[in-house]
1. Determine whether I163 is touching a residue at least 12 places away in the same chain (Cβ under 8 Å), among the aliphatic types (A, V, I, L, M) and open to solvent by 70 Å² or more (accessible area, probe 1.4 Å).
2. Would you tally the residues in region 105-155 being surrounded by 19 or more Cβ atoms within 10 Å (Cβ to Cβ), part of a loop (DSSP other than H, G, I, E, B) and among the β-branched types (V, I, T)?
3. Any idea which of K197, K209, K157, K169 is closer than 23 Å to F82 by Cα and touching a strand residue (DSSP E or B) at 6+ places or on another chain (Cβ under 9 Å)?
4. For residues that are hydrophobic (A, V, I, L, M, F, W, C) and part of a helix (DSSP H, G or I), scanning just region 247-256, find the one that is surrounded by the fewest Cβ atoms within 10 Å (Cβ to Cβ).
5. For residues that are within 21 Å of D115 (Cα to Cα), part of a loop (DSSP other than H, G, I, E, B) and either in contact with a Gly (Cβ under 8 Å, 6 or more places away or on another chain) or charged (D, E, K, R) (or both), tally how many sit in region 199-246.
6. Consider L127 carefully, then state whether it is more than 22 Å from H68 (Cβ to Cβ) and within 18 Å of the chain's Cα centre (by Cα).
7. Need the failing condition index for Q190 against (1) over 24 Å from H56 (Cβ atoms); (2) in contact with a helix residue (DSSP H, G or I) (Cβ under 6 Å, 6 or more places away or on another chain); (3) surrounded by fewer than 18 Cβ atoms within 10 Å (Cβ to Cβ), just the number.
Amino acid sequence: MSRVSLILALCGIAFMQFKKSNPVLFARQKSREPRDAANLITREKPNKILKDILLHYRSVLGEDYDPHYNHCLRVLNFSKYFFDKYTTDRKERDSTTSSRRRIMDIMAFAIAYHDIALWTDGELSYLEPSVAVMERDLRENQSIRGLFRPPLTTEEKLVAREIIMQHHKISPFAVSKADSNVPMGIEGEQMVNAVRKGDWVDATMGIVKHGISADILEAAYAEIPEAGFHYMLLGMGSRLSPDSIIGQLKVLKILKL
Ligand SMILES: *[C@@H]1O[C@H](CO)[C@@H](O)[C@H](O)[C@H]1NC(C)=O
Ligand SMILES: *[C@@H]1O[C@H](CO)[C@@H](O)[C@H](O)[C@H]1NC(C)=O
């Protein structure tokens, strides 16, 4: 074999591997019976907090409501997977169900707000503004505050804030050991990182995997359809900043190393 055909063959193999491990990207989705129906987060059995907050913003989201809602559902689904993985890795699966539900709810709460300023503020650099919307709702809206009983603690609010602030971070998030002002334990860090990974997986349709299997990815997209989310995302720059490329580049500010 000549060197060129060897290289071509290797490229071919690499591409087949890429295709095989990216079923969603290549629109190869089987419909399947979900295995663990009790554990499913679906449109029919969603997390209540996520649902209530997105309903609150339904008219602001307009026609993006469906694609955005499905994105949030998938991110929550992947976040739950990554969080569970941390706890099994720590061999600490014995946390009680109520604290696990609380953790899911806090992740769901932050996920409901993680991109919200794109719509509420029309802001391409939307991390801080999204946190501001969340904090304003907690301050000013009794029925949103009341979604948590007991109410969110200071530490839990900080975790929700960091989930939003760090969700485009490329490397793992860690509270600096030197900063004893930050009352966030290992569990808080893991919640931030679980959602960070979950959003990367969904925003890239699984090109960035963080170790999630093609099977899980495929199951999630079969259960919770893509619904035009990625086209919407690609169109956001020109929609929110139609006259200015520089304005569109503001979106780069959301990335953190
Ligand atoms: C708080 O949110 C609820 C639920 O969406 C809404 O019905 C209510 O009008 C809001 N209250 C205020 C004061 O904004
Ligand atoms: C995520 O969704 C898929 C497909 O519905 C499901 O099989 C899986 O159990 C869900 N994962 C979690 C952790 O809820």
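1. no
2. Selection size over region 105-155: 1.
3. K169
4. Per the stated criteria, the residue is L252.
5. 3
6. In short, no.
7. (3)
The values are calculated or read from the model by the stated rules, or taken from the named source; none is laboratory data. What you see is a predicted model; the values in this text were computed from it and never measured. Positions of Cβ are backbone-derived with ideal geometry, glycine not excepted, and every protein chain shown enters the neighbour counts. The accessibility values were calculated without ligands, DNA or RNA, using every heavy atom of the protein model including side chains. Shrake-Rupley method; radii C 1.70, N 1.55, O 1.52, S 1.80 Å.
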